[in-house]
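Notes for the one structure printed next.
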C-alpha cells in the first residue's frame with residue numbers, strides 16, 4: 001500500500017478568484033471607505049496598504065493550505081506587495097505602493113526574456129502541463145508576453161505620474177488588469193491553433209505467431 005499523501009486539488013472558480021483578486025479588491029474598497037471619514041481620510045492609503053499586505057499573506061497561506069504548494073507567480077506577487085507595501089508604511093510615502101505595478105511588469109518582462117535566453121522558457125515551465133507546443137511556438141508565446149509586459153511598464157508609469165493617489169487606487173486595477181485579460185484572450189487563437197494533442201499511447205501489437 002502506498003504511503004504517499006494524495007495531492008490536494010488546486011483552487012478553482014470562486015476560490016481562485018478570491019486568491020488572485022481578493023487582496024487588491026479589499027485594498028480598493030478599504031481605501032474608498034476610509035476616505036469617507038475625516039478621522040481616517042489623511043491616512044487612508046496607508047491603512048489600506050496594511051490591509052493589502054495582510055490580505056495577500058492570508059491568500060498565500062490559504063493557497064498553501066488548500067493545495068499544499070504556493071505557485072511561483074503568487075510568491076512574486078506576495079514579495080512585491082510586502083516589499084513595496086512595507087516601504088510605503090515604513091517611510092510614510094504612498095509612491096512606493098504605486099510603484100508596485102511598474103516593478104511587477106519589469107520583473108515579468110525581464111524574467112521571461114532571461115528564461116528564453118537560457119533555454120528555460122518560463123512559459124513552458126508554468127503551462128507545460130496544460131499545453132503542448134513546439135519549442136518555436138513556446139518562444140513566440142513567451143516573447144509576445146514579454147512585449148506585452150514591456151508596454152504595460154509605461155502604462156503603469158503613466159497613470160502613476162498623472163493621477164492623484166485616490167484616482168490611482170480606483171483606476172489602476174481596470175487600467176492595468178483588464179488589458180492583461182484582453183491580451184490573454186487575444187492569444188487564444190494562437191494557442192488553439194498550435195497546441196499539439198498527444199496521441200494516446202497504445203500497447204505494441206503482438207508479433208505474429210507469438
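At a glance:
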| quantity | calculated |
| --- | --- |
| Enumeration of residues in region 178-197 that are more than 16 Å from residue 151 (Cα to Cα) and part of a helix (DSSP H, G or I) | 185, 188, 189, 190, 191, 192, 193, 194 |
| The one condition in (1) under 16 Å from the mean Cα position of the chain (by Cα); (2) under 18 Å from residue 171 (Cα atoms) that residue 76 fails to fulfil | (2) |
| Residue match in region 113-121 (condition: in contact with a helix residue (DSSP H, G or I) (Cβ under 8 Å, 6 or more places away or on another chain) and not in a helix (DSSP H, G or I)) | yes |
| Criterion violated by residue 177 - all others in (1) more than 15 Å from the chain's Cα centre (by Cα); (2) modelled with pLDDT under 90 satisfied | (1) |
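Residue by residue, here is whether (1) within 14 Å of residue 47 (Cα to Cα); (2) exposed (fewer than 12 other Cβ atoms within 10 Å of the Cβ); (3) modelled with pLDDT of 95 or more holds:
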position	(1), (2), (3)
60	no, no, no
67	no, no, no
76	no, no, no
87	yes, no, yes
91	yes, yes, yes
98	no, no, yes
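The values are calculated or read from the model by the stated rules, or taken from the named source; none is laboratory data. Given the structure is predicted, the values throughout are model-derived calculations rather than measurements. Positions of Cβ are backbone-derived with ideal geometry, glycine not excepted, and every protein chain shown enters the neighbour counts.
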